[in-house]
Amino acid sequence: MRVFNFAAGPATLPLEVLQQAQAELPDWRGSGMSVMEISHRSKAFIGVAEEAEADLRELLGVPADYRVLFLQGGATGQFAGIPLNLASAASTVDYVNTGNWSKKAIGEAKQFCAKVNVVADAAARKYCDVPPESTWQRDPTAAYLHYTPNETIGGVEFPFIPDAGNVPLVADFSSSILSRPLDVSKFGLIYAGAQKNIGPAGICLVIVRDYLTGHARPFTPSIWDYKQMGADGSMSNTPPTFGWYIAGLVFKWLKATGGLAAMGERNRAKAAKLYAAIDNSHFYSNPVPTACRSRMNVPFTLVRPELDKTFLSEAKAAGLTNLEGHRSVGGMRASLYNAMPSEGVDALVGFMQEFKQKHG
Ligand code: PMP
């Protein structure tokens, strides 16, 4: 029996994708082997890689002057890869601090850049909102401006794309990529770990404007040198082929289910239903102002925290799993990525109402 898995990542994947992978696992496209067992240099696998890139470009409308890279090392690898490729040791780099993940990106950038300028910091407000752009203390000479459009732990999502002017805008879209349409042309670089809306863990997607590549510092590991990896088709070394293949199936599933506009509408409706259930009760609460609530990660607390464990165990028994909040904040968190069907949200909302009646 499949449960409704509300994990923040690795996260639920579309059942259709899992079933297709299962069906073609032992004998992939008549090769007599699984896709995991063929060479990444084979014509067949290059076809998988090229098709995945073409589908992704179509879904996101990626302009022609951007490279699409499928890298390893996760989003955390890119916390280092970005300053190594886009800034010199003497550069100032601008970062917006809206939560745990931007904080980690800032910490890593400090190893590689002398001046990491935190343009706005939501830490004092417990990372519950997005500081208004008018208050940001930016450096106009910065090598780039980095932000985290969706903070996976705090459940805070930017309701706007920052206006970076001539400074390249860099965004960690790990937990909201492909959740709705996006104007890629506003960005210098977008990156996203795969394990939420793309596929299994092991791949980090990087979409970077051509002119920002080719300036990596001399000691940059070649697997994170964007120019080199672009020239090598993201295969300077052996890539995680199975994850790449699954990502390709997920892109096809997204196209078949109506693309990002339709997905965005489904995600809006799913999140609205859950936030309404939280707001219309005195039993559950969410601290984030309406304008910057995440559609992907919905943290909530119980008015009686001593019931947390009971909530989690009864939810699990009802087939609703992985609802515990991140270990750094506690409480609950329901992640509603693309592959979470609206039936899953309905089941969660129904469970929350019953739980409130029983224990409220
Ligand atoms: N950024 C964000 C927004 C994330 O949610 C995560 C992982 N949850 C990361 C970065 C780190 O990703 P990884 O573990 O793939 O390095």
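The values are calculated or read from the model by the stated rules, or taken from the named source; none is laboratory data. This is a predicted model, so every value here is computed, not measured. Methodologically, a virtual Cβ is constructed for each residue, glycine included, from the backbone with ideal geometry; neighbour enumeration extends over all protein chains shown. Side chains are part of the model used for accessible areas, which takes the heavy atoms of the whole protein and leaves out ligands, DNA and RNA. Shrake-Rupley method; radii C 1.70, N 1.55, O 1.52, S 1.80 Å.
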*Kindly report the accessible area of segment 226-299 per residue (heavy atoms of protein chains, probe 1.4 Å, no ligands, DNA or RNA), in Å².*
39
*Please give every one of the lysines within straight-line cross-link reach of LYS43, meaning a C-alpha to C-alpha distance under 18 Å, and leave out same-chain neighbours fewer than 8 residues apart.*
none
*When ligands, DNA and RNA are left out and all protein chains stay put, how many square angstrom of accessible area per residue does segment 59-169 have with a 1.4 Å probe?*
38
*Shape call for the chain from the C-alpha gyration tensor, a ≥ b ≥ c root eigenvalues: rounded (a/c under 1.5), prolate (a/b greater than b/c) or oblate?*
oblate
_Given points 7 Å out from each Cα along the Cα-Cβ axis, report the HIS326 to GLN111 separation in nanometres with one decimal._
1.9
*asked:* Ranking request for peptides 315-327, 123-135: highest mean number of other beta-carbon atoms within 10 Å first, then the rest in descending order.
replied: 315-327, 123-135
*asked:* Run the paramagnetic zone check for ALA276: 7 angstrom along Cα to Cβ, then residues of segment 323-360 with backbone nitrogen under 12 Å.
replied: 346
*Taking 0.36 nm per residue of separation and subtracting the Cα-Cα distance, what length does fully extending HIS215 through THR238 add?*
5.9 nm
*Treat each spin label as a single point 7 Å out from the Cα along the C-beta direction, and report the GLU265 to ALA318 distance in nm.*
2.9
*Taking N as the number of residues in segment 263-327, what is its alpha-carbon radius of gyration divided by 2.2 N^0.38 Å?*
1.17
*Quick one: pull the percent of accessible area on the chain belonging to carbon and sulfur, 1.4 Å probe, ligands and nucleic acids left out.*
54
*With springs only between Cα atoms under 10 Å, which of VAL93, VAL48, VAL303 fluctuates most in a Gaussian network model of the chain?*
VAL303
*To the nearest 0.05, how large is the calculated FRET efficiency for ASP139 and ALA64 if R₀ is 25 Å and r is the Cβ-Cβ distance?*
0.25
